Amino acid sequence: MSASFHAMWTSLRPIGRSDASGGYRRYAWTGADADCRLWFRMQAEARRLDVETDRNGNQWAWLGDPTAGDAVVTGSHLDSVPDGGAFDGPLGVVSAFAALDELRARGVSFRRPLAIVNFGDEEGARFGLACVGSRLTSGQLTREKAFELRDADGVSLPQAMEAAGHDPSGIGPDPERLARIGAFVELHVEQGRALDLSGDPVGIASAIWPHGRWRYDFHGEANHAGTTRLVDRHDPMLPYAETVLAAREQAELAGAVATFGKIAVEPNGVNAIPSLVRGWLDARAADQESLDTVVAGIETAARAHAARQGVDLAVVRESFTPIVEFGHALRDEIGRILGEASADGVKVPVLGTGAGHDAGILSASIPTAMLFVRNPTGVSHSPAESAAEDDCLAGVRALADVLEGLACR
Ligand code: HGY
Ligand code: MN
Ligand code: MN
Ligand code: MN
């Protein structure tokens, strides 16, 4: 099993890797994405699985009859954030194929169809909305809204799909596909340090924090940086900067997290006062009330700072994902399977996360669960993201145990 894991990791490693940062730039419907999709197809075909790409651009590799119903599905995503790590997404896909190899080595026979999935555009790095493939499939993103998504160059999602050879005309809810799935289990690298602190290689997800993205447009007045008196300026950078500080303060007060990680400035000249500063807020909290409090607090502060500078502010909520609590039935069954599989009967820890996942989106439609693999530093969405090989292999074994328990017994 470690050989097949290694071989997959080695063949996937160069795709979309930036030599400058050592991170990954695998954005939806780009050349790197196409290479990832080809990689997926080759892994599937090497295992004699039937590969299909659904209307929404998600890839599926099937063992057994896809139309039989009650399928057990595992997998994750292969796209990345800008300069992302190697594990966020790919670990779940590689582990899915490796777990299938492990089950074949065990000689088990499958009672239910099994599929491995690569969800399209999980990170939303190009079009600004995360989990596009699973949101479309589940109906949480309408076809109309999807057609309005544009990247930084003004290319629309359907144009990008078409350019990559995918016909966008059929995108939209796919309830028939979801009805054929009995359980979806996504393995993912942990994006915090809970497992490191508890000393466990693998955990089970309990919940995903509610989270969203808001666009803040501060409209000021472009002017000369050398000749415009300070009192005459309407500089949108000032309220933007104050808003970043307010976000930190409000998040601390509410026990939440709030981040401005992306910014666009117009005209973006060294010697010009900006006409526009556009910042994107990512805010998350353990519960809806805390999230509402932090989001409202940041907007109130931003409006006050903008008014002080004579700057107009428009705030648009671009996406929102409510709290996800993974269903107890599947979660408990997985806990039981892993408990029975462990030699010493150790209970696998159950933990929540502030990161979004396709599993969270699909949990509104089908029984869904997640496994986390220890991340020794907790760093993610960065080239420094890591996981020890022994822990990755423990994750593969755990996933194989779960798939065997669900699909073979
Ligand atoms: O959590 C996120 O930012 C994304 O859904 N992976
Ligand atoms: Mn991510
Ligand atoms: Mn991910
Ligand atoms: Mn003026």
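A short reminder: the numbers here are calculations on the coordinates, not readings from a lab. Keep in mind it's a predicted model, so treat the numbers as computed, not measured. So basically every Cβ, Gly included, is an ideal-geometry build from the backbone, and we count neighbours across all protein chains shown.
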Hz values of 3J(HN,Hα) by residue in segment 20-28 - Karplus curve (6.51, -1.76, 1.60), Gly and Pro given as x
5, 9, x, x, 10, 10, 10, 8, 3
When the charge dipole of the chain is computed with +1 at the Cβ of Lys and Arg and -1 at the Cβ of Asp and Glu, the Cα pointing farthest to the positive end, of Q288, L253, L141, is that of L141
Where the centroid of each part is defined by its Cα atoms, how far is segment 50-103 from segment 252-315 in Å?
36
For segment 212-320, the dipole about the Cα centre with charges only on Cβ (Lys and Arg +1, Asp and Glu -1), to the nearest 20 debye, works out at 220
Dipole of the chain [Lys/Arg +1, Asp/Glu -1 at C-beta], most positive-end residue of A205, S380, A32
A32
Answer in debye to the nearest 20: the dipole magnitude of segment 8-151 about its Cα centre, from +1 Lys/Arg and -1 Asp/Glu charges placed on Cβ, is 260
Write down, largest first, the equivalent ellipsoid semi-axes of segment 223-307 in whole Å, where each equals the square root of 5 times an eigenvalue of the alpha-carbon gyration tensor.
30, 13, 8
Using +1 at the C-beta of Lys and Arg and -1 at the C-beta of Asp and Glu, which of F218, L276, S18 has the Cα lying farthest in the positive direction of the dipole of the chain?
S18
Summing -39500 (n - 2.57) over every DSSP H run of at least 4 in the chain, dividing by its residue total and rounding to the nearest 500, the 222 nm mean residue ellipticity is -11000 deg cm²/dmol
Restricting to the chain, what percent of DSSP beta bridges are antiparallel, rounded to 5?
70
Round to the nearest 0.05 the FRET efficiency obtained for K145 and A394 when R0 = 35 Å and r is the Cβ-Cβ distance.
0.30
When T243, T142, T353, T53 are ranked with the fewest other C-beta atoms within 10 Å first, the list becomes T142, T53, T353, T243
Under a Gaussian network model of the chain whose springs join Cα atoms within less than 10 Å, the largest fluctuation of A384, A258, A28 belongs to A384
Roughly speaking, what % of Cα-Cα pairs in the chain are separated by over 29 Å, rounded to a whole number?
46
Taking Cα pairs under 8 Å and at least six residues apart, what relative contact order does the chain come out at, in percent?
22
Which residue, R41, R284, R104, tops the fluctuation ranking in a GNM of the chain built on C-alpha contacts under 10 Å?
R104
Averaging sequence separations of C-alpha pairs under 8 Å and six or more residues apart, then dividing by the length of segment 212-320, give the relative contact order as a whole percent.
45
Evaluate the charge dipole of the chain about its Cα centre and quote only its size in Debye, nearest 20, assuming +1 on the Cβ of each Lys and Arg and -1 on the Cβ of each Asp and Glu.
240
